[in-house]
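**Q** Once you've had a glance at the structure underneath, I'll fire off some questions.
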Amino acid sequence: MKKTLVVLLALVVLASVSVFAQAMQETKPYIAVVSKGEQHDFWQQVKLGANAAAAAYGVDITFEGPPSESDVQIQVEMLNNAMAKKPVAIALAALNTSSVLDQLQQAMNQKIPVIGFDSGVPEAPAGSIWANASTNNYAAAGMAAEKMFEVIKGKIEAATIARPVKIVVMNQDASGESLLSRGKGFRDTMVKLIDEKTALSKSDISVIGNTAYIAADSPRTGRKVIIEMIVPASAAMTDATNAAQAVLNKVTSDNILGIFCSNEATVKGLLAATNDGATLKTNAAFKNMVVIGYDAGAAQKNAVRNQYFLGSITQDPYQIGYKAVELSYKAYKGEPVSDVDTGAKFYNYQNMDDADIKGLIYD
């Protein structure tokens, strides 16, 4: 009888150990993904990519971002809550680096890898960010300048002091690194193209507007070509629309040749001010003006397909999310990680249905 009880007890213990071991094996590593937002279609595609990587690498993730990209404190609270869950790694697209310095230090103290994605964590303390998954925004916006220049080159060359021309760059804010890089990339490339590929020079160009987008070496005294860097009063949709309307009101008087909208929010502002873009073709004052957008979304795709826009620059938001989680997992496993450029392409009505483009332009 005693032997039977001992055997039964041993079996119970073994079964308990087996169940415990199985439970331990089924506990997945947790990675916190803290985004700059969730509202725009762009962030929804980033989330899809992040979830796909989580499934591929067998990890649990949370993906969250504040209601708007001006809600810095809400993002900080989200990061704090995520860190309280003891993640093995963190993927972060910070709205404001100075607001997350304590969290970055805490992560370093606890040896938790932090991977930046999208705009990452610009000017973060040395060693706090292990790698970044992002678009080379400077180069991508430079591509937009090249495409616009091809169309307006002749009008630029015809500019005079008596009849100057203007190119407008609309940026959602003056703090996010991705937007700053886009504005600067477009600005610098356009200045270079005018200087090298027309009879004009830098001395004929003047960069004006928001000071965050004017470099120490930006030309500022020219009187033939004006490049105006505009930032709405806030990130709110109404302010983006109002800023776009203010630009449209001066298309004729300022001889505006083109507008570059550096993100989905500024595109939506311009579309809201132009009957979803239709006015850009039906209003005689606008129909020869070149517009290039950035990112995608149903409304922007429609504007490109109907040729209201010359085209747009698309990132690969799905890959941004996927690579952010993949890098986080690899860093957690102790594998070496380094920055990944997730790519960008120019799309227009002619190529937007091509195999290498259509998967990048989300609704």
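**Q** For a quick check: with amide H placed at 1.01 Å from N, whose amide H comes under 5 Å from residue 61's, ignoring anything fewer than 5 positions away on the same chain?
**A** 31
**Q** Taking the DSSP beta bridges in the chain as the whole, what percent of them are antiparallel, to the nearest 5? Each step should come with its number before you reach the end.
**A** Values: 5 of 44 bridges.
In the chain, approximately 10 percent of DSSP beta bridges are antiparallel ones.
**Q** What label, among (i) 24.9, 110; (ii) 20.4, 67; (iii) 21.7, 69, belongs to Rg and Dmax of the Cα atoms in Å computed from the structure on display?
**A** The listed entry that was calculated here is (i).
**Q** How would 286, 260, 117 line up from fewest to most surrounding beta-carbon atoms within 10 angstrom? Provide the component values of the computation, followed by the final result.
**A** Details: 286 19, 260 28, 117 32.
With the fewest neighbours first, 286, 260, 117 line up as 286, 260, 117.
**Q** Further, regarding this structure: Cα axis of helix 41-57 to longest principal axis of the chain: angle in degrees, 0 to 90, nearest 10?
**A** Value to nearest ten degrees: 30.
**Q** Arrange 180, 271 by Cβ neighbour counts within 10 Å, fewest through most, would you? It would help to have the intermediate numbers written out before the result.
**A** Numbers: 180 20, 271 27.
Fewest to most other Cβ atoms nearby, the residues stand as 180, 271.
**Q** Continuing with the same structure: If you take every DSSP beta bridge whose two residues both sit in the stretch 137-315, what share of them, in percent to the nearest 5, is antiparallel?
**A** Values: 1 of 23 bridges.
If we restrict to bridges inside the stretch 137-315, about 5 percent are antiparallel.
**Q** Compute the FRET efficiency between residue 38 and residue 162 as 1/(1 + (r/R0)^6), taking r as their Cβ-Cβ distance and R0 = 41 Å, and round to the nearest 0.05.
**A** On the way: r = 50 Å, r/R0 = 1.22.
Between residue 38 and residue 162 the formula returns 0.25.
**Q** Let me have the relative contact order for the stretch 274-363, percent, based on Cα pairs under 8 Å that are six or more residues apart.
**A** Working: 104 pairs, mean separation 28.6, N = 90.
Taking the mean separation of contacting Cα pairs over the length of the stretch 274-363, I get 32 percent.
**Q** Still on this structure: Extension gain residue 110-residue 306, at 0.36 nm per residue separation less the Cα-Cα distance, in nm? The partial results should precede the final answer.
**A** Values: separation 196, 0.36 × 196 = 70.56 nm, distance 5.26 nm.
Extra length from residue 110 to residue 306 when fully extended: 65.3 nm.
**Q** While we're here: Applying 1/(1 + (r/R0)^6) with R0 = 45 Å to the Cβ-Cβ distance of residue 237 and residue 55, what FRET efficiency is obtained, to the nearest 0.05? Please list the in-between numbers first.
**A** Working: r = 34 Å, r/R0 = 0.75.
Plugging the Cβ-Cβ distance into 1/(1 + (r/R0)^6) gives 0.85.
**Q** Need one word for the stretch 189-272: rounded, prolate or oblate. Basis is the Cα gyration tensor (sqrt eigenvalues a ≥ b ≥ c); a/c below 1.5 gives rounded, then a/b vs b/c decides.
**A** Numbers: a/c = 2.26, a/b = 1.83, b/c = 1.23.
Prolate, because a/c is 1.5 or more and a/b exceeds b/c.
**Q** Another one. Give a quick list of trypsin sites (Lys or Arg not before Pro) in the stretch 205-248 that DSSP marks as loop, anything other than H, G, I, E or B, with at most 14 other Cβ atoms within 10 Å.
**A** On the way: sites: 220, 223, 224; in loops: 223, 224.
Those that pass, being in a loop and sparsely packed, are 223.
**Q** Between residue 192 and residue 126, what is the spin-label point distance in nm, taking each point 7 Å from the Cα along the Cα→C-beta axis?
**A** Going from the residue 192 label point to the residue 126 one covers 2.9 nm.
**Q** Let me ask something else about it. Helix 237-248: angle to the longest alpha-carbon principal axis of the chain, degrees 0 to 90, nearest 10?
**A** Here the helix axis deviates by roughly 20 degrees.
**Q** Taking a threshold of 27 Å on the Cα-Cα distance, which of the pairs 85/333; 147/250; 86/345 fall above it?
**A** On the way: 85/333 19 Å; 147/250 23 Å; 86/345 38 Å.
Over 27 Å Cα-Cα: 86/345.
**Q** Looking at the square roots a ≥ b ≥ c of the eigenvalues of the Cα gyration tensor of the stretch 36-136, which shape do they give, rounded for a/c under 1.5, prolate if a/b is larger than b/c, or oblate? Intermediate results must be reported in sequence, preceding the final value.
**A** Working: a/c = 1.40, a/b = 1.13, b/c = 1.24.
Rounded.
**Q** Ok, one more. Subtract the Cα-Cα distance of residue 48 and residue 199 from 0.36 nm times their separation in residues, and report this length gain in nm to one decimal. Display every interim value, and only then the final one.
**A** Working: separation 151, 0.36 × 151 = 54.36 nm, distance 4.78 nm.
Length difference between fully extended and current span is 49.6 nm.
**Q** Related question: What is the angle, in °, between the Cα long axis of helix 72-84 and the longest principal axis of the Cα atoms in the chain? Nearest 10 is fine, range 0 to 90.
**A** 20 degrees
**Q** Calculate, for residue 338 and residue 98, the FRET efficiency according to 1/(1 + (r/R0)^6) with r their C-beta to C-beta distance and R0 25 Å; round to the nearest 0.05.
**A** 0.45
Values quoted throughout were computed directly from the atomic coordinates according to the rules given, and no laboratory measurement underlies them. Quick caveat: nothing in here was measured; it's all calculated off a predicted structure. All Cβ positions, glycine included, derive from the backbone under ideal geometry; neighbour counts span all protein chains shown.
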